[in-house]
Amino acid sequence: MKATYFGHGSFLLKIAGKSFLIDPFISPNQLAKDIDIDSIETDYILLTHGHEDHVADVESIAKRTKAVVIANFEIANWFEKKGVTNNIKMNIGGVFRTDTFAIKMVTAAHSSSMPDSSYGGLAAGFIIAYLEDDVDKVIYFAGDTGLHKDMELIQDEFGFVDFAFLPIGDVFTMGIDDAVEAAYMVNADSVIPMHYDTFESIKVDMEVAKEEFEEFRFEVFSIGEEKELI
Ligand code: NI
Ligand code: MN
């Protein structure tokens, strides 16, 4: 898998011949000002919940790229009214399958409202399962969430997670300690931290985080960086 970090909770994942842009919040993010948003190409846009800091650039990117928006029912409907009609509506527990990958929407312990304060359905995370060189790969993209026991269901169902994208910034989501616990609960191999440093209140000491995650492969991205994760 190739992953590019756009800051905050936003990544572009390239897997199974497709690209997946998750939670684009780029143009309002000062730390991501060097990202050329018009150069982003994607097949799908995945949204974990409706908060502004996850959906700010959805409308412009979806209209330009004609990407398919994958989100909960309420968020997908909200963007439909803005003319983003190419979507797949899901809800917690549901799976969207193609020949090459499967996406499951899973529980997140968080809230969800749209930028205009209308109801944004339930906040969610995603499991993306796919084959790479005939090997099963599993991504857990937690979205914004606190630690919760349903994360154990992910290990129960899949056995392991190759790449766990976990928020570590605290205040609005898990902090470092709970994120380490989450990594154990899902049986993660690599952990990719997100949702930190964007705002003063979620600044983290990355050296502390690296120590706390020493039992895992801890893949820290700088903003704009693309890495091959194996
Ligand atoms: Ni949020
Ligand atoms: Mn957020």
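The values are calculated or read from the model by the stated rules, or taken from the named source; none is laboratory data. Because the structure is predicted, anything quoted here is derived from the model rather than measured. Every residue, glycine as well, gets a Cβ built from its backbone with ideal geometry; the counts of neighbours run over all protein chains shown. Protein only, heavy atoms only, side chains kept; ligands, DNA and RNA dropped before computing areas. Shrake-Rupley method; radii C 1.70, N 1.55, O 1.52, S 1.80 Å.
A few comments on the model shown:
Residues are listed down the side, and each one gets a yes or a no for (1) in contact with a helix residue (DSSP H, G or I) (Cβ under 7 Å, 6 or more places away or on another chain); (2) not in a loop (DSSP other than H, G, I, E, B):
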{"site": "Gly9", "(1), (2)": "yes, no"}
{"site": "Lys14", "(1), (2)": "no, yes"}
{"site": "Leu31", "(1), (2)": "no, yes"}
{"site": "Ile35", "(1), (2)": "no, no"}
{"site": "His54", "(1), (2)": "no, yes"}
{"site": "Val84", "(1), (2)": "yes, no"}
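So that you can scan it fast, the table gives a plain yes or no per residue for (1) over 28 Å from Ala179 (Cβ atoms); (2) out of contact with any His (no Cβ under 9 Å at 6 or more places or on another chain):
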position: Thr100; (1), (2): yes, yes
position: Val106; (1), (2): no, yes
position: Ser112; (1), (2): no, no
position: Pro115; (1), (2): no, no
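- The residue that is nearest to ligand 1 (Cβ to nearest atom), counting only those in region 81-110 that are touching a strand residue (DSSP E or B) at 6+ places or on another chain (Cβ under 7 Å) and farther than 30 Å from Val186 by Cα, is Val84.
- Residue satisfying all of: in region 128-153; modelled with pLDDT under 95 and out of contact with any strand residue (DSSP E or B) (no Cβ under 8 Å at 6 or more places or on another chain); farthest from ligand 1 (Cβ to nearest atom) among these: Asp134
- Whichever residue in region 38-56 is within 16 Å of ligand 1 (Cβ to nearest atom) and surrounded by fewer than 24 Cβ atoms within 10 Å (Cβ to Cβ) and, among such residues, is nearest to Gly120 (Cα to Cα): His51
- Scanning region 173-189 for residues that are in contact with a helix residue (DSSP H, G or I) (Cβ under 7 Å, 6 or more places away or on another chain), under 15 Å from Ile139 (Cα atoms) and open to solvent by 10 Å² or more (accessible area, probe 1.4 Å) returns Met185, Asn187.
- Scanning region 212-224 for residues that are under 21 Å from Ala183 (Cβ atoms) and surrounded by 11 or more Cβ atoms within 10 Å (Cβ to Cβ) gives Glu212, Phe213, Glu215, Phe216, Arg217, Phe218, Glu219, Val220, Phe221.
- Residue match in region 57-76 (condition: of a type in the set (A, V, I, L, M), crowded, with 18+ Cβ neighbours inside 10 Å, part of a loop (DSSP other than H, G, I, E, B) and within 16 Å of ligand 2 (Cβ to nearest atom)): no
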